[in-house]
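Working notes for the structure below.
The values are calculated or read from the model by the stated rules, or taken from the named source; none is laboratory data. Only a predicted model underlies this, so the values are computations on that prediction, with no experimental measurement involved. Here the Cβ positions follow ideal geometry from the backbone for every residue, glycine too, while neighbour counts run over all protein chains shown.
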Amino acid sequence: MPQLPRMVATDTLTVIAKVVVVTLGIVISLLAYRAFHRTGSDALRWMAIGFFIITVGMLFGGLVDPLFGLAPNQGIRIQNVLTAIGFIVLVYSIYARLPASANL
């Protein structure tokens, strides 16, 4: 049986990892959104938004090269920026709306 070039195996692993991360990101975003609708909690709404931004960044980062013809490093930059924004939103969801009586 012929051996696959190492790059092909790495690319396949990367694609599989991205599919898993995007799928789980969508599931977490939907669960947080459903919890927001059930409870009306602003924190859960912002959590859903944060995970959605991270997930979109992961998806968009992988599609920039084949869809828009940009260099792969551009996709990585876009992914990193969206991930950072998503984490900022997650931190906001955890800390911004705490009641005045809450102790950290």
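None of LEU13, LEU44, LEU30, LEU24 is of a type in the set (A, V, I, L, M), modelled with pLDDT under 90 and either part of a helix (DSSP H, G or I) or over 21 Å from LEU82 (Cβ atoms) (or both) except LEU13.
Condition check: closer than 14 Å to GLY25 by Cα, in a helix (DSSP H, G or I) and of a type outside the set (Gly, Ala, Ser). Does VAL89 satisfy that? No, not satisfied. Would you be able to say whether some residue in the range 61-80 is assigned to a loop (DSSP other than H, G, I, E, B), at pLDDT below 90, on the phi > 0 side of the Ramachandran plot and over 12 Å from the mean Cα position of the chain (by Cα)? Yes, some residue in the range 61-80 is assigned to a loop (DSSP other than H, G, I, E, B), at pLDDT below 90, on the phi > 0 side of the Ramachandran plot and over 12 Å from the mean Cα position of the chain (by Cα).
So, GLY57, is that one on the phi > 0 side of the Ramachandran plot and either surrounded by fewer than 17 Cβ atoms within 10 Å (Cβ to Cβ) or in contact with a helix residue (DSSP H, G or I) (Cβ under 7 Å, 6 or more places away or on another chain) (or both) or not? So GLY57 fails the test.
Whether a residue is at pLDDT 90 or above, crowded, with 16+ Cβ neighbours inside 10 Å and either touching a strand residue (DSSP E or B) at 6+ places or on another chain (Cβ under 6 Å) or over 21 Å from ASP11 (Cβ atoms) (or both) was assessed, and ALA84 does not pass this test.
Counting the residues of the range 67-77 that are among the aliphatic types (A, V, I, L, M) and surrounded by 17 or more Cβ atoms within 10 Å (Cβ to Cβ) gives 0.
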